[in-house]
Amino acid sequence: VCKKHGHEAGFKGATYIDCPMKPCFLCKKPEHTTLTCPHRVSTEHGVVPAPRKKTCKPLEYVFERQLRPSLPSIKPKHVIPDQVNCAVIRYHSRRVTCLEFHPTKNNILLSGDKKGQLGVWDFGKVYEKVVYGNIHSCLVNNMRFNPTNDCMVYSASSDGTISYTDLETGLSSSPMNLNPGGWLGPNTWKMIYGMDINSEKGLVLVADSFGFLYMVDMRSNHRNGDAILIHKKGTKVVGIHCNPIQPDILLTCGNDHFARIWDLRYIEAGSSLYDLKHNRVVNSAYFSPFSGTKILTTSQDNRLRIWDSIFGNMDSPSREIVHSHDFNRHLTPFKAEWDPKDPSESLAVIGRYISENYNGAALHPIDFIDTSTGQLVAEVIDILATGSSRFGLSF
């Protein structure tokens, strides 16, 4: 870390060792170590709980009158599993890079890996493997089901292609290829990371490693229009999320340390509605699943950030929660997601990097965090899954 002889940083067994020349790895502040960091003992340390405030802006007034009544006024008790009720099976030969549950069949989970393979796991037939190896040539970074045909799935890859795959046959087509001439060097090779679907307009929205947004028409399965620069040129756009209430409102995030909000109807370079600045790379950014008015982001500075209302003050987040998800090796990035079963839109789920010592093993639990207070509601671990939370989560 600091290049000095004898200095260490990282895990020794299940204990994380700090470099003595660097600040605390967890909260990034000096004068204490990760082992004694107050945020490690108390996740809600330093977090200001969600305030109750009077509405003063017209848009916020409309939200409180029209959208808020559909959300429960009393927060329900969180139902969190205390064990994993399924098998542990080695499905892929290389690292798992993304997961996606089937939208209508709860027993089916899709998984993509570093080699570009697509796995279809049926919980009811645990040990029957279905892995398609002809989809992509390298990392599968994102997957989304066709909203009108749940047997078909779109996937985005670091090979610069979008694939459209039939899950029953494994046959796929490629609606878009950003590298038609093959490998011409790292300065021209385009990789696709962020992806989402605007079902109202029938568009697949994808973004590449150079900061550009592309659109694919789902009816013709062909690229629609020109690429649009939405983040700093030459930086990765790693996440795209369409607002669940108004799909024309987009939330994007990337390696330029920003999450940005756009209106798809008027989108062009520099036309973002809001630019949400972070200290480091933003791994993910999501609108809340019911009202679409909250925002949850995950940044490599070990912070979860929450904006309580897109109609309010967007200059700074409503809360910052210190959480361990910064790592110094090549792993799949941690991405906090809203729990879609929580109608109060307050529960977030994310894997943890710095683990407690479980009889000498670092099990890297999955954390359930109350975003209104910063409190750790629960953690889920499995002694057979020593690295499970590194592979990401899907709902």
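The values are calculated or read from the model by the stated rules, or taken from the named source; none is laboratory data. Because the structure is predicted, anything quoted here is derived from the model rather than measured. When we count neighbours, we look across all protein chains shown, and the Cβ atoms used for this are built from the backbone with ideal geometry, even at glycine. Quick note on the areas: whole protein, heavy atoms, side chains included, nothing else; ligands and nucleic acids left out. Shrake-Rupley method; radii C 1.70, N 1.55, O 1.52, S 1.80 Å.
How many residues, within region 100-150, are among the hydrophobic types (A, V, I, L, M, F, W, C), at pLDDT below 90 and within 20 Å of Met191 (Cβ to Cβ)? Residues that pass the stated criteria total 0. Looking only at region 373-386, residues that are under 22 Å from Thr15 (Cα atoms) and open to solvent by less than 40 Å² (accessible area, probe 1.4 Å) come to 4 in all.
At least 1 residues that are in contact (Cβ under 8 Å) with a residue 24 or more places away in the chain and within 24 Å of Gly270 (Cα to Cα) in each: list the strands (runs of 3 or more DSSP E) lying fully within region 168-227 that qualify. I'd like the intermediate steps shown before the answer.
Details: elements: 172-177, 192-198, 203-208, 212-217.
In region 168-227, the matching strands (runs of 3 or more DSSP E) lie at 192-198, 203-208, 212-217.
Going through Leu264, Leu229, Leu273 one at a time, which residue ends up being more than 18 Å from the chain's Cα centre (by Cα), of a type in the set (A, V, I, L, M) and within 28 Å of Val322 (Cα to Cα)?
Values: Leu264 fails: within 28 Å of Val322 (Cα to Cα); Leu229 fails: within 28 Å of Val322 (Cα to Cα).
From the options Leu264, Leu229, Leu273, the qualifying one is Leu273.
Residue-by-condition table, conditions (1) touching a Phe, Trp or Tyr at 6+ places or on another chain (Cβ under 9 Å); (2) at pLDDT 80 or above:
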residue	(1), (2)
Gly6	no, no
Ala9	yes, no
Lys28	no, yes
Thr33	yes, yes
Thr36	no, yes
Glu44	no, yes
Lys57	yes, no
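Restricting Lys125, Lys114 to those that are open to solvent by 40 Å² or more (accessible area, probe 1.4 Å) and under 17 Å from Gly160 (Cβ atoms) reduces the list to Lys114.
Just checking, how many residues over region 9-25 are surrounded by 11 or more Cβ atoms within 10 Å (Cβ to Cβ) and closer than 17 Å to Ser355 by Cβ?
Filtering region 9-25 down to residues surrounded by 11 or more Cβ atoms within 10 Å (Cβ to Cβ) leaves 9-11, 14-25.
Narrowing the set further to residues that are closer than 17 Å to Ser355 by Cβ leaves 9-11, 14-18, 24-25.
The number of residues fulfilling the criteria is 10.
Within this structure, Val237 fails the test of being open to solvent by less than 50 Å² (accessible area, probe 1.4 Å) and touching a residue at least 60 places away in the same chain (Cβ under 8 Å).
Checked against (1) in contact with a Leu (Cβ under 9 Å, 6 or more places away or on another chain); (2) modelled with pLDDT of 95 or more; (3) aliphatic (A, V, I, L, M), Ile245 meets all criteria but (2).
When the residues of region 185-238 are narrowed to those that are under 26 Å from Phe145 (Cβ atoms) and hydroxyl-bearing (Ser, Thr, Tyr), which ends up modelled with the highest pLDDT? Only one residue fits best here, namely Tyr214.
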